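Visitor: First, the structure itself, so that you have it in front of you.
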Amino acid sequence: MDAIETQLAELKSQIDALKAGAPENKLAMVVFSGDMDKVLAAFVIATGAVAMGMDVVMFFTFWGTPVLRDKNKSVGGKDMMGQMFGAMLPKGPDQVKLSKMNMGGMGTAMMKSLMKKKNVSSLEEMLALAEELGVRIFVCEMSMDLMGFKHEEMIKYKHLGFAGVATFLQEAQTSKVQLFI
Amino acid sequence: MSDEIKVAKVLDLKGLACPMPVVKVSKGIKEVAIGEIVEAHTSDPGALTDFPAWAKTSGNEIVKTDQQDKVVKFYIKRKV
């Protein structure tokens with residue numbers, strides 16, 4: 001009898017361990033790209049995932065970082081490289097360009113008007129929708145530092161945080177789906 | 001046939017592009033009680049495969065699909 005009870009207890013603890021390690025109904029996404037088309041795809045997937053009942057967490061890193069800058073905010077106190085990156089990289093979702101057929105901005109402008117005509121949401125609209133749906137966004141602290149961006153110049157977004165790779169991996173490990181865009 | 005189905009809420013999703021139809025239907029279904037039916041109208045061709053996928057994943061049930069010209073009507077029963 002005792003043996004059965006010990007076995008049961010052992011099984012129970014094993015099940016608990018399995019449960020703790022089981023992935024949640026969650027999507028963890030890295031947004032590495034700063035191209036309009038790719039970031040748009042990332043947001044379509046993110047908001048679609050919420051509709052499917054998933055938790056969604058996005059990690060913006062490298063070229064994805066400037067997409068989350070606020071075009072109406074400017075901060076001083078940057079060094080020369082920081083100023084240069086600040087000036088050369090897009091400032092917010094409105095300024096990002098297509099990965100193909102940009103044609104000096106003409107292609108991007110055409111795509112934007114086409115999207116409007118076809119009722120496809122713009123990047124700004126997708127960002128607002130993601131915020132409303134509770135999509136969490138983390139910005140890579142290392143990219144921020146590398147490009148000389150400051151926290152104060154990023155967009156206002158309810159579920160915004162700053163983090164490193166360990167935060168992403170911890171989220172990814174407990175997610176059913178992981179994507180790199 | 002369709003008057004056998006008692007609809008609690010009608011969602012007009014015509015003209016909306018991906019991912020809006022599923023985003024809106026996932027919100028809309030929460031506005032009716034479990035067991036009630038939402039009727040969603042969409043003109044997004046992707047919805048024909050997307051709505052069943054959404055329903056399966058979210059645990060709801062499409063009780064009827066009515067495809068007319070360019071508009072598809074889904075009758076979705078809230079199960080969860």
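Visitor: Using a Gaussian network model of chain A with C-alpha springs under 10 Å, which one of A:GLY77, A:GLY53, A:GLY34 is most mobile by mean-square fluctuation?
Guide: A:GLY77
Visitor: Please identify every one of the trypsin sites (Lys or Arg not before Pro) in the range A:58-139 that sits in a loop by DSSP and has no more than 10 other beta carbons within 10 Å of its own beta carbon.
Guide: Filter output for the range A:58-139: A:LYS100, A:LYS118.
Visitor: So which GluC sites (Glu not before Pro) in chain B are both in a DSSP loop and have at most 12 other Cβ atoms within 10 Å of their Cβ? If you can, show how the numbers build up before the last one.
Guide: On the way: sites: B:GLU4, B:GLU31, B:GLU36, B:GLU39, B:GLU61; in loops: B:GLU36.
Qualifying residues, ordered by number: none.
Visitor: Working from the alpha-carbon coordinates of the range A:25-180, get Rg over Rh, Rh being the Kirkwood radius.
Guide: 0.96
Visitor: Is there a pair in B:LYS6/B:LYS27; A:LYS38/B:LYS14; A:LYS19/B:LYS6; A:LYS19/B:LYS56; B:LYS14/B:LYS79 whose C-alpha atoms are over 29 Å apart, and which pairs would that be?
Guide: A:LYS19/B:LYS6
Visitor: Can you tell me the dipole magnitude for the range B:2-77 around its Cα centre, using point charges on the Cβ only (Lys, Arg +1; Asp, Glu -1), in Debye to the nearest 20? Please list the in-between numbers first.
Guide: Working: 11 positive and 11 negative charges, 43 e Å.
Roughly 200 debye, rounded to the nearest 20.
Visitor: Follow-up. Considering amide H positions built from the backbone, and no H for Pro or chain starts, which residues 5 or more places from A:PHE162, or on another chain, come under 5 Å of its amide H?
Guide: Sorted by chain and number, the residues that satisfy this are A:VAL139.
Visitor: Using a Cα distance threshold of under 13 Å, what count of lysine pairs results for the range A:47-181 when pairs must be 8 or more residues apart or interchain?
Guide: 8
Visitor: Follow-up. Might you report the magnitude of the Cβ-based charge dipole of the range A:1-57 about its Cα centre, with Lys and Arg at +1 and Asp and Glu at -1, to the nearest 20 debye? Provide the component values of the computation, followed by the final result.
Guide: On the way: 4 positive and 8 negative charges, 47 e Å.
The dipole of the range A:1-57 has a size of about 220 debye.
Visitor: Given a Förster radius of 45 Å and the C-beta distance between B:ILE5 and A:MET81 as r, what FRET efficiency does 1/(1 + (r/R0)^6) yield to the nearest 0.05?
Guide: Rounded to the nearest 0.05, the efficiency is 0.10.
Visitor: Per 5 Å bin from zero, what fraction in whole % of the C-alpha pairs of the protein assembly as shown is there, up to the bin with the longest pair?
Guide: 1, 6, 11, 14, 14, 13, 12, 9, 7, 5, 4, 2, 1, 1, 0, 0
Visitor: Explain nothing, just the number: dipole magnitude of the range A:25-180 about its Cα centre with +1 on each Lys and Arg Cβ and -1 on each Asp and Glu Cβ, in debye rounded to the nearest 20.
Guide: The dipole of the range A:25-180 has a size of about 440 debye.
Visitor: Where in the range B:1-77 are there trypsin sites (Lys or Arg not before Pro) that are in a DSSP coil and have at most 15 other Cβ atoms within 10 angstrom of their Cβ?
Guide: Details: sites: B:LYS6, B:LYS9, B:LYS14, B:LYS24, B:LYS27, B:LYS30, B:LYS56, B:LYS64, B:LYS70, B:LYS73, B:LYS77; in loops: B:LYS6, B:LYS14, B:LYS70.
For trypsin sites (Lys or Arg not before Pro) across the range B:1-77 that sit outside H, G, I, E and B with at most 15 neighbouring Cβ atoms in 10 Å, the list reads B:LYS6, B:LYS14, B:LYS70.
Values quoted throughout were computed directly from the atomic coordinates according to the rules given, and no laboratory measurement underlies them. On a predicted model such as this, the values are computed, not experimentally measured, just so you know. All Cβ positions, glycine included, derive from the backbone under ideal geometry; neighbour counts span all protein chains shown.
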